[in-house]
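Heads up, the thing below is written out as structure tokens.
The values are calculated or read from the model by the stated rules, or taken from the named source; none is laboratory data. If you're wondering where the values come from, they're calculated on a predicted model, not measured in any experiment. Neighbour counts are summed over all protein chains in view; Cβ atoms, including those assigned to glycine, are modelled from backbone coordinates with ideal geometry. Quick note on the areas: whole protein, heavy atoms, side chains included, nothing else; ligands and nucleic acids left out. Shrake-Rupley method; radii C 1.70, N 1.55, O 1.52, S 1.80 Å.
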Amino acid sequence: MNKVGKIATVIFLIVAVVIVVVVKQNHKANSGAVVDEGSINSVVGPEVEGPETARFDASKGLPRLVDLGADKCIPCKMMAPLLVELKSEYEGTLKVEFIDVWKNPDEAPKYGIKLIPTQIFFDASGKELFRHEGFYSKEDILSKWKELGVELSAVSIPSFERFEPAQADNRSKDNICYMCDGDIAPSTLVNVSTEKGPVRLCSPHCYFIMYSCLTENKTGFEEKVSVADWATGETIVASKAMYLYGLDGQTGRPIIKAFTDKIRPNQAASGGIVINWEALQDKELAIRCGFCDRACYPQDAAEVIAGGIHTYGCCSHCALGVAARTGLDIEVHERDRLTDGPIVVKTLDGKVASLEPATAVAWFGQRKKPDGTWGSAGCFHQGFFVTLENLKEWVDRNPHETGKMITIHQALANKMKLSPEQIQKACKIGECAPK
Ligand SMILES: [Zn+2]
Ligand SMILES: [Zn+2]
């Protein structure tokens, strides 16, 4: 080897060592990973092509995005779901590759990367156009391709919407709960007299949800509220009634029955404790949505872990809103509205860091507002589903629901863009009132 060759070899080795050191340090810094690596492997592993793909492969003549990262590095994990989406949405117009440089240590020097994750943009001939270090959002990646003059056309983005109900809701307005849109049974009716007329609710629980959303001064509010005696249907001032507070053996949700003065045999038989209005109110208002402050039952809510503290989202979208309200990275445990199948979302810096299963989608229930625009239909009309098929099936079974499918990334982004003022009044009556 001549002198120049030796020097070149030495320089190459030094550079290689530096890269390995930098990449290793990164490994160390991020080794306290929040997100379980197995899940991400299963997201990225089979979906995105591995390192065996040649660097300058131009056989298909497609532009190529190569993401070099590792399964234990947090920003790399955040890239994983985006890569899966880009790969499926731009199939046939863009090649998307993920290279794990910790599992394949020879790859980092080949691409000359200093940090992970690094994304490298190649044109259809294999020429490098641009590279970026660190987390790079899907929106930024797409606008960068555009800026580089590469037109990508999205194909086969799964989408689903229904803006006309499959069936008109012909129920009498008197029989529809103002809060949840459910049927009102005469035995559990709650009536609130307001200046705009009576507001009828299906149960004391729906009443307390409404009450917890009111922004007006609530002094003396209970005088406007009446309940039906569970056995006779007789109207009672709510604050004067007594309540039998039991638990549903199957769902674990409270069952609340109001009565005038004495427990009748059929009420006593159903079990529970006897409490007055104040005690009922304390119980009902004890658990609130971590985003919108609504009263909720844990059985109906999504569980949210934020900064080690457990709270709830009264609906799946509110659960994601806890990240916006607190500024913390959160973990949401929600169930498919059709099958109860588990869905786990973890966020990092206001973005989805992991989603299990990766096929999960959200339904954004919307309603036409009086001004003709579409707005949120309220918390009772939102949900997550394990697959788009489950969502479609649920929409089929609920002919009055209107809205559209959105990705869970979009659902989170919708919350993250809210201002503190918007978060403060989120879901309060008037914002998301059913009618
Ligand atoms: Zn209701
Ligand atoms: Zn909420």
If we only count strands (runs of 3 or more DSSP E) wholly inside segment 265-372, which ones have 3 or more residues that are in the same structural domain as Ile406 (by TED's automatic domain parsing)? 302-306, 309-313, 330-335, 342-348, 351-356, 361-368
What do you reckon, is Ser203 away from ligand 2 (no atom under 16 Å from the Cβ), touching a Ser or Thr at 6+ places or on another chain (Cβ under 7 Å) and open to solvent by 10 Å² or more (accessible area, probe 1.4 Å)? yes
If you take the residues of segment 395-415 that are part of a helix (DSSP H, G or I) and touching an Asp or Glu at 6+ places or on another chain (Cβ under 8 Å), which of them is surrounded by the fewest Cβ atoms within 10 Å (Cβ to Cβ)? His409
Within segment 75-104, can you find the residues that are at pLDDT 90 or above and over 29 Å from the mean Cα position of the chain (by Cα)? Val101, Trp102, Lys103, Asn104
I'm told Leu142 meets every condition in (1) in the same structural domain as Thr232 (by TED's automatic domain parsing); (2) surrounded by 16 or more Cβ atoms within 10 Å (Cβ to Cβ) except one. Can you identify the failing condition by its number? (1)
Residues (surrounded by 14 or more Cβ atoms within 10 Å (Cβ to Cβ) and within 16 Å of ligand 1 (Cβ to nearest atom)) located in segment 290-319: Arg294, Ala295, Cys296, Tyr297, Asp300, Ala301, Cys314, Cys315
Those residues that are in contact with a Gly (Cβ under 8 Å, 6 or more places away or on another chain) and open to solvent by less than 10 Å² (accessible area, probe 1.4 Å), I need them from segment 98-115; list them, please. Ile99, Val101
